[in-house]
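Asker: Once you've had a glance at the structure underneath, I'll fire off some questions.
Here, each number is a calculation from the coordinates, and none is a lab measurement. Only a predicted model underlies this, so the values are computations on that prediction, with no experimental measurement involved. We place every Cβ from the backbone using ideal geometry, glycine too, and count neighbours over all the protein chains shown.
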Amino acid sequence: MQIGKLVAVAGMAVVLSALADNSAFELDGDWPNYPADMHFEMGSGVAVDSKGVVYTFTRDVEHWAAHPLAMADRMGKSTVSMYDAGGTYLGKWGPSDEPGFALGAHTMYIDADDMFWFVDRDGHTVKKYTSDGSLVLTLGELGEWGDGPNRFNGPTAVVVQDNGNIVVADGYWNSRLVWFDAEGNYQKTVGGWGRGPGQFNTVHALAADPSGRLLVADLCGGALHPYVTKPGQIAEARTVREEGCVSRIQILDAQGEYLTEWTHVSPLSIAVYGERIYASDQMRNIAVLDAATGLEIDRLENLAVYIHQMAMAPNGDIYVASVYPEHAGEKRGIRGPSHRRWARKR
């Protein structure tokens, strides 16, 4: 199973017992073995299935999906590649080479029923597939943005609740969570722009803990990534970042009612295994928090550049997808730290 899982995975908390000083893990510098002809801009999503196969969701042509000046041959494109634990390339997954599969990779998930979910930020869709690549459900309309019952504006994450309801983080240029039933019928919207309880700036990640609470990684806002939007797509209120703003994890109940918030970590990604919450902190680190209290109980330092999503294999290895490696002086694509495997010492 994967650390970005849609539902909490019972019994997995024992996998990580001591993260401080990274002593339980070592970086596999040879992972993965990319094909010589592979090209992509950066890693964005990562998931691991129950057999230990690793799936990487990459931005193949970055930043052009919705750009008003985009040329036809520069439109956004995202695909999914497969690797084994040793880094051997197993090919592209399912329909991910097909036009319109995804314009701007954000995150991917494998749920408890082995369904695959893909969140396409720039394409404004969330899609559910069987493991062999058959499309089951599409939420949103490809390339069409908005804030209605079936229009998103930069979705970032998705959770399937215990009752089958689907919660979409419509978080980049809308600031809300959107509920659907298991068949994809709209139910309700929670949130809106602001820094008050139950309001959001940028909902960048979403997870559910064992009790069903929703954990929302709410980044400080402003007009993030305006170069991938069209005129009018970003509301005027979003163009001003509030002075003194602090990124936070907001905790909501299963219905979306505000409970509390944690500001001692600055999360970009977030996931839950058992009674442990794994939140990227200051972009490069993972803070391991007690789900009940939010107290930090362990930490893994300097895991990657901009930990956009992370996944845990059944054997306890951690995989990371990183965006914008150039911000740390690294290369994009296959020559940079787009994907990393931290192997648990046996």
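Asker: Take the chain, drop everything but the C-alpha atoms, weight them equally and run the Debye formula without solvent; then report log10 I(q)/I(0) at 0.08 Å⁻¹ to two decimals.
Answerer: -0.32
Asker: List the residues of the stretch 149-175 whose backbone N lies under 14 Å from a point placed 7 Å from the Cα of A235 along the Cα-to-Cβ direction.
Answerer: Backbone N within reach: 149, 152-154, 170-175.
Asker: Sticking with this structure for a sec: Hey, fewest Cβ within 10 Å first, where do M42, M310 land in order?
Answerer: Numbers: M42 24, M310 28.
With the fewest neighbours first, M42, M310 line up as M42, M310.
Asker: What shape does the stretch 93-143 have by the C-alpha gyration tensor, where a ≥ b ≥ c are the square roots of the eigenvalues, rounded means a/c under 1.5, and otherwise prolate means a/b greater than b/c and oblate the rest? If you can, show how the numbers build up before the last one.
Answerer: Values: a/c = 1.77, a/b = 1.44, b/c = 1.23.
Here the stretch 93-143 falls in the prolate category.
Asker: Among all the lysines, which ones have a C-alpha under 22 Å from K51's C-alpha, if same-chain residues fewer than 8 places away are not counted?
Answerer: Cα-Cα hits under 22 Å: K5, K92, K128, K345.
Asker: More than 24 Å apart: what percent of Cα pairs in the stretch 82-176 qualify?
Answerer: On the way: 987 of 4465 pairs.
For the stretch 82-176, the share of Cα pairs beyond 24 Å comes to 22 percent.
Asker: Give the span of the stretch 200-280's Cα atoms along each principal axis, as three whole-Å numbers ordered largest to smallest.
Answerer: 43, 25, 23 Å, listed from the longest principal axis down.
Asker: Looking at the chain as a GNM with Cα springs under 10 Å, which of D170, D111, D97 has the largest mean-square fluctuation?
Answerer: Looking only at D170, D111, D97, the largest GNM fluctuation is found for D97.
Asker: Right, next: To make sure I understand the rule: partners must be lysines, Cα under 25 Å from the Cα of K230, and not fewer than 8 residues away in the same chain. Which ones qualify?
Answerer: Hits, sequence-local ones excluded: K77, K127.
Asker: Let me know the shape class of the stretch 126-216, please: from the alpha-carbon gyration tensor, a ≥ b ≥ c as square roots of the eigenvalues, rounded when a/c is under 1.5, otherwise prolate if a/b is greater than b/c, or oblate. Write down the numbers at each step before the final one.
Answerer: Numbers: a/c = 1.87, a/b = 1.24, b/c = 1.51.
Verdict is oblate for the stretch 126-216.
Asker: Related question: Assign one of three labels to the stretch 257-346, namely rounded, prolate or oblate, based on the Cα gyration tensor with a ≥ b ≥ c the square roots of its eigenvalues; rounded applies when a/c is under 1.5, prolate when it is not and a/b is larger than b/c, and oblate otherwise. Could you put the intermediate results ahead of the total?
Answerer: Numbers: a/c = 2.39, a/b = 1.48, b/c = 1.61.
Judged from the Cα gyration tensor, the stretch 257-346 comes out oblate (a/c at least 1.5, b/c at or above a/b).
Asker: Another question, then. Starting from the Cα of K188, draw a straight line to each of the lysines and keep only those under 18 Å, dropping any in the same chain fewer than 8 residues away.
Answerer: By straight Cα distance, K188 reaches no lysines at all.
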